[in-house]
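The structure under discussion appears below in the form of structure tokens.
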Amino acid sequence: MSEGPELLAVDLGVRTGLALYGADGRLRWYRSQNYGAPARLRRGAHGLLRNQPRVERLVLEGGGPLAELWAKEGLRRGLRVETVDAQTWRRVLLYERERRSGADAKATADALARRVIEWSGAARPTSLRHDAAEAILVGLWGVLRAGWLDGVPDALRA
């Protein structure tokens, strides 16, 4: 595991997808967390960020009150916080033909997330929940935006 800054990507929802990336642009870990209620999510966001002291960037997919909750906690910790919508990161990571329909985009995103896991040497999933897969790709978009990778690695292209 490399030293240096880290990026946490969050696919927002009460069931939240999380993905942590190192400064080398590789995925460290990912998971899906069901917080069940906004109050538990608030405590969970606080605890998660407290336990990840090298996180310097927080990338959120989505908006509304849950994004505000995460952003407030991130800004309180001095993190660089950015929000992105699915259409934005999909334009960067998926070919146009792969995003013609929502179903195509979701299937391609799942396959790409699995390639990211393998390329990064992260633990392979027994099952990969959609929210965790989305967080993985939001994080990949975030590390590209941060300049931690020069472009999408060839190994990740289908």
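What follows is calculated from the coordinates using simple rules that are stated; it is not laboratory data. Predicted, not measured: the structure shown is a model, and the values here were computed from it. All Cβ positions, glycine included, derive from the backbone under ideal geometry; neighbour counts span all protein chains shown.
Observations
- Placing a label point 7 Å from the Cα of Q87 along the Cα-to-Cβ line, no residue of segment 102-136 has its backbone N under 12 Å from it.
- The 3J(HN,Hα) values that the Karplus relation (6.51, -1.76, 1.60; θ = phi - 60°) gives for segment 79-92 are, in residue order, 7, 7, 10, 9, 10, 9, 9, 4, 4, 5, 5, 5, 4, 7 Hz. Gly and Pro appear as x.
- Treating r as the C-beta distance of R100 and R40 and R0 as 22 Å, the FRET efficiency rounds to 0.05.
- Inter-label distance for R80 and S127, nm, one decimal - labels placed 7 Å from Cα along Cα-to-Cβ: 3.7
- Gyration tensor over the Cα atoms of the chain: the corresponding equivalent ellipsoid has semi-axes (square roots of 5 times the eigenvalues, largest first) of 23, 18, 14 Å.
- Separation of alpha-carbon centers, segment 111-152 and segment 12-59, rounded to whole Å: 14
- Tilt relative to the chain, helix 102-120 - C-alpha long axis, 0 to 90 degrees, to 10: 80
- Phi to ³J(HN,Hα) by Karplus 6.51 cos²θ - 1.76 cosθ + 1.60 over segment 22-37, Hz, x for Gly, Pro: x, 5, 7, x, 9, 5, 8, 7, 8, 6, 10, 10, 9, 7, x, 7
- Crossing angle, helix 130-146 versus the chain [Cα axis fit, 0-90 degrees, rounded to tens]: 90
- Binned Cα-Cα distance frequencies in segment 40-111 - 10 Å width, integer %: 18, 39, 27, 16, 0
- Qualifying trypsin sites (Lys or Arg not before Pro) for segment 56-158 [loop in DSSP, other Cβ within 10 Å: at most 16]: R77, R100, R157
- Across the chain, the mean sequence separation of Cα contacts (distance under 8 Å, 6 or more residues apart), normalised by length, yields a relative contact order of 30 percent.
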